[in-house]
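> Quick one: the structure is below, and I'll ask about it shortly.
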C-alpha cells in the first residue's frame, strides 16, 4: 500500500510545503500532495503554490501565530529555492531569495 510519505515524495514538494497547501485548502495532506503534483505540472502552478503559502503566512501572522508563520516562511524559502519558476510575476527585488538577515 502506498503511504502518505510515498505520495509526498512523488509529488515534487517537501512535507512542510504539502502541509501548507493542506492548511490553505482545508484538505487532507494526501489530497494536498496530489494537488501539488497537478499544480507543478500546470503553467503558473508554482505561482499558485507560492500564493497559497504566502496567504498562509499572512493568516498565521493575523492570528498571532508567529512561530507557525516562521515555519511557513522557511517552507516558502525552500519552495522558491527549488522552484525558481514560482518567482515569475514578482517585482525584481522580491524575486531574489528572501533572507532571514533582511528580516532581522
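Rule-based calculations on the coordinates, nothing more; no lab input. Since this is a predicted model, take the numbers as computed values, not measurements.
> Angle, helix 66-82 long axis vs. longest principal axis of the chain, Cα atoms, 0 to 90°, nearest 10?
80
> Okay, moving on. Between the range 12-28 and the range 67-83, how far is it from one alpha carbon centroid to the other, in angstrom?
12
> Show that you can apply the helix-only estimate: for the chain, add -39,500 (n - 2.57) for every DSSP H stretch of four or more residues, divide by all residues, and state [θ] at 222 nm to the nearest 500.
-21500 deg cm²/dmol
> Sticking with this structure for a sec: Treating the angle as unsigned and between 0 and 90°, give the value, to the nearest 10°, between the Cα long axis of helix 15-25 and the longest Cα principal axis of the chain.
Helix 15-25 sits roughly 90 degrees off the main axis of the chain.
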